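One structure is given here, and the rest of the page talks about it.
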Amino acid sequence: MNSVDDYLAAQPADVRERLAELRRRIHAAVPGAGEAIRYGMPTVTLGGSSLVHLAAWKKHIALYPVPGGDDAYERAVAPYRGAKDAAHFPHRDPLPYDVAVLIVERLAALHRQD
């Protein structure tokens, strides 16, 4: 894959729509973010560094990494936490865009502290 657009185009229509909407919401939440393909996945970048990776799998869409946060954040993210600091959003369920944006906003805040 050479671009995020290529990655999305290679997905089934329903997954492509979910990923495209997730991409749109992430960019709305993190003005000035860029994007690239890293590790074979769409990656949202901030200041040239990787912020979050998105991946479409057979049964879910994943976001990597998922940092820790306060109690309210952890309650929101807990149902979607997967292995290796990832969030898994099953295709069978509506994608919780609000939770995905919460994760990305947390990552951006941590990134800005560095």
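Derivation of every value follows stated rules applied to the coordinates shown; laboratory data play no part. Predicted model only: the values in this text are computed from it and were never measured. Using ideal geometry, Cβ is built from the backbone for each residue, glycine included, and neighbour counts are taken over all protein chains shown.
Side notes on the structure shown:
- Within the stretch 97-112, the residues that satisfy the criterion of being more than 15 Å from residue 69 (Cα to Cα) and surrounded by fewer than 16 Cβ atoms within 10 Å (Cβ to Cβ) are 98, 112.
- Of the residues making up the stretch 21-38, those that are out of contact with any Ser or Thr (no Cβ under 9 Å at 6 or more places or on another chain) and exposed (fewer than 14 other Cβ atoms within 10 Å of the Cβ) are 21, 24, 28, 31, 32.
- Looking across the stretch 57-99, the residues that are outside any loop (DSSP other than H, G, I, E, B), farther than 19 Å from residue 38 by Cα and aliphatic (A, V, I, L, M) come down to 72, 76, 77, 78, 99.
- Flag for residue 51 being surrounded by 15 or more Cβ atoms within 10 Å (Cβ to Cβ) and either touching a residue at least 60 places away in the same chain (Cβ under 8 Å) or not in a helix (DSSP H, G or I) (or both): yes
- In the set (1) touching a residue at least 12 places away in the same chain (Cβ under 8 Å); (2) more than 10 Å from the chain's Cα centre (by Cα); (3) within 16 Å of residue 108 (Cα to Cα), the condition left unmet by residue 31 is number (1).
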